[in-house]
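The block underneath contains the structure these notes are about, expressed in structure tokens.
The values are calculated or read from the model by the stated rules, or taken from the named source; none is laboratory data. Note that the structure is a prediction, hence the values are computed from the model and not measured. For neighbour counting, all protein chains shown are included, and Cβ atoms are generated from backbone atoms with ideal geometry for every residue, glycine included.
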Amino acid sequence: MENINERRAALTVRREIQMETTPAHPIGGRLVLLAGGTSASGLAAAKALLARGARVIIAGRNEEKLARCRRELPHVYVQRADLASEESVAELKARVDDMWGPVDGVFHLVGGWSGGGGLAAQTEEAFRLLETGLSALRHVSRAFDRDLRQSSAGRTAIVSSVVASRPTDGSANYATLKAAGETWMRAVDHGLRTHGAIGGGGARSFAAVFRVRSLDGVEEALGEAFAELWSRPIAPLEMVLTELHAS
């Protein structure tokens, strides 16, 4: 019964949003998934997207955080999923397909920080803990790749760090995985541009990388930057790789 009611509510909101959509809001009516979006950055991105008329799904594994998202943003859809599990992500994709259909955007927000102590402190345990973010990126981007390729304007992005290109011995684990995430997104971007073009008419979808020094103080700017990807022309990934700083 809960799934039926949620589906009905989703269809109602979808119709309302589509009625309000105007050419001035290119993201209006589009469906966007915030993977790991229960953080402050995820809430900020959800608010930016909703303000432009998008439909937003927040996926995460923490029930309390999902409930908070539902309370603070009653117009978002929430889905519980362990994004570091390939099986759980496949189940999430099936539910999204069933209730809302294909997505037009995916913002990857699963992450964490561990570092300091020099190279000796870059332990295997710390690496494996951080690696769940890369695993989530791989599982989610693979699961929703077809949707983004077939969208008339697909957008996807990750949050990386300036240490990806300027590592220190105390950030070796973190920097290595962030650099790997950027490499993965370059491959995603290549697929979207190569296979997402309509009959030689040019690419419709692309990927972006946002580098930050710290998420503290840039959450709102990050959300706005992601939402604005639908308003900007398609450019090489290097042109979309943006450093965001706290004001």
Subset tally (residues that are under 12 Å from D145 (Cα atoms) and either modelled with pLDDT under 85 or in a loop (DSSP other than H, G, I, E, B) (or both)) for the range 183-229
3
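Take the residues in the range 24-48 that are outside any strand (DSSP E or B) and in contact with a strand residue (DSSP E or B) (Cβ under 6 Å, 6 or more places away or on another chain); name whichever of them is surrounded by the fewest Cβ atoms within 10 Å (Cβ to Cβ).
Restricting to residues being outside any strand (DSSP E or B) and in contact with a strand residue (DSSP E or B) (Cβ under 6 Å, 6 or more places away or on another chain), the top hit is T38.
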Could you list all residues from the range 165-182 that are in a helix (DSSP H, G or I) and of a type in the set (V, I, T)?
T176
Filtered residue count, the range 74-118, keeping only those that are within 25 Å of E64 (Cβ to Cβ), touching a residue at least 24 places away in the same chain (Cβ under 8 Å), part of a strand (DSSP E or B) and not hydroxyl-bearing (S, T, Y)
3
Inside the range 156-187, the number of residues satisfying the requirement of being in contact with a Phe, Trp or Tyr (Cβ under 6 Å, 6 or more places away or on another chain) and farther than 24 Å from R128 by Cβ is 1
Residue list for the range 49-69, restricted to those being surrounded by 14 or more Cβ atoms within 10 Å (Cβ to Cβ) and part of a helix (DSSP H, G or I)
L49, L50, K65, L66, R68, C69
Can you pull out the residues in the range 131-157 that are in a helix (DSSP H, G or I), at pLDDT below 95 and small (G, A, S)?
G133
G117 passes all but one of the listed conditions (1) within 19 Å of V56 (Cβ to Cβ); (2) more than 14 Å from the chain's Cα centre (by Cα); (3) of a type outside the set (D, E); the exception is number (1)
